[in-house]
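To start, the structure itself, in structure tokens.
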Amino acid sequence: MDWGLKNRLSRIIRPDGRTVMLAVDHGYFLGPTTGLEDAKGTIGPLLPYADALMPARGIVRTSVDASTDTPLVLRVSGGNSILGELSDEGITVAMEDAMRLNVSAVALSIYVGAPNQKETLLNLSRLVDEGHRYGIPVLAVTAVGKDMARDARYLALCCRIAAELGAHFVKTYYCEGFEKVVKTCPVPLVMAGGKKLPELDALELTHNAIQRGAAGVDMGRNIFQAEDPVAMIQAVNAIVHKNVTPKKAYELYKGLKRQKKGAKRR
Ligand code: 5RP
């Protein structure tokens, strides 16, 4: 692997082999998602606790402090919306613009088994070629179309295809038999959070994924839609980087939340 590419990847996946990525790219096909209506207000306080931030470029330029040290994993696929065929995605950002934004990686979705499977896989291949030209790693997001199962057989298929086509790391959902998905994927795999769960359940999900070999999480709604997002990202971080149990992480979450409430009252 080229030195520059390796260096950028090492800013995202920390020396312990783990990462807490904060996904805030939902608006690229969902519009003003709950919790991200004021993207700047949501992202700012969370940034110091994220190993990497995953936004689309409009949000980088409008809502992310340019003095941040947090590496960017830029969403570069889109062209679809929740009102249309989800798999109908193309590449939305030129690599030159990604470089101008000083990204540490680019991310695009692949839709295996969906109407535009071939286009999204060829987009990935093209992006990997460009990534190698400029030393930029590529994250493949194994997106799941409306009617697709999220089981180990399907997710392992998606992750392996992504890795075979050259993705440098892969994002996928947790499922029963997740260890099989991890074991058959030769590049680091981060878990997508999915829909908002009660905080303890989201911490258990994180713990399960890490125990079964994930390199970390790329989590959005379970962080920024939590009652206290800043406390939640710290609790997730404690599981990912310090191997604490979900119960301990939940205690940390509740403690941090209480402290903030106390400080507000004073
Ligand atoms: C959509 C994405 C999003 O970044 C991701 O799914 C959002 O994170 P979460 O599901 O945890 O809210 O890649 O394809």
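The values are calculated or read from the model by the stated rules, or taken from the named source; none is laboratory data. Here the structure is a predicted model, which is why all the values come from computation and not from measurement. Using ideal geometry, Cβ is built from the backbone for each residue, glycine included, and neighbour counts are taken over all protein chains shown. Areas reflect the complete protein model, heavy atoms only, side chains present, ligands, DNA and RNA absent. Shrake-Rupley method; radii C 1.70, N 1.55, O 1.52, S 1.80 Å.
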Considering just Cα atoms, how many Å³ per residue does the convex hull of region 3-225 enclose? 114
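Here is the link list: Lys146/Lys196; Lys40/Lys196; Lys180/Lys247. Which ones come out longer than 22 Å on Cα distance? Mind dumping the intermediate values first?
On the way: Lys146/Lys196 18 Å; Lys40/Lys196 20 Å; Lys180/Lys247 26 Å.
Long pairs (Cα-Cα over 22 Å): Lys180/Lys247.
Carbon and sulfur atoms: what percent of the 1.4 Å accessible area of region 3-225 do they account for? Before the final figure, lay out each step's value.
Working: 4840 of 9470 Å².
On region 3-225, the fraction of accessible area on carbon and sulfur atoms equals 51 percent.
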If you take every DSSP beta bridge fully contained in the chain, what fraction is antiparallel? Give it as a percent rounded to 5. 5
Name the aspartates and glutamates eligible as straight-distance cross-link partners of Lys257: C-alpha to C-alpha under 19 Å, and not fewer than 8 places from it in the same chain. Glu199, Asp201, Glu204, Glu227, Asp228
Residues other than Ser87 with Cβ under 14 Å of its Cβ, Lys/Arg counted +1 and Asp/Glu -1, net out at -3
Between region 168-240 and region 1-70, the Cα center-to-center distance that results, in Å: 16
With +1 on each Lys and Arg Cβ and -1 on each Asp and Glu Cβ, how big is the dipole of the chain about its Cα centre, in debye rounded to the nearest 20? 1020
Give the lysines whose C-alpha is closer than 26 Å to that of Lys183, dropping any in the same chain fewer than 8 places away, or say none. Lys6, Lys118, Lys171, Lys195, Lys242
Which one of Val64, Tyr49, Gln211 is farthest out on the positive end of the charge dipole of region 3-225, using unit charges on Cβ (Lys, Arg +1; Asp, Glu -1) and the Cα centre as origin? Gln211
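Efficiency by 1/(1 + (r/R0)^6): what FRET value for Asn208 and Arg153, r their Cβ-Cβ distance, R0 = 25 Å, to the nearest 0.05?
Numbers: r = 18 Å, r/R0 = 0.74.
So, using R0 = 25 Å, E works out to roughly 0.85.
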Around Ala152: net Lys/Arg minus Asp/Glu count, Cβ-Cβ under 12 Å: +3
Excluding Val244 itself, calculate the net charge of residues whose Cβ lies under 14 Å from the Cβ of Val244, where each Lys or Arg counts +1 and each Asp or Glu counts -1. +2
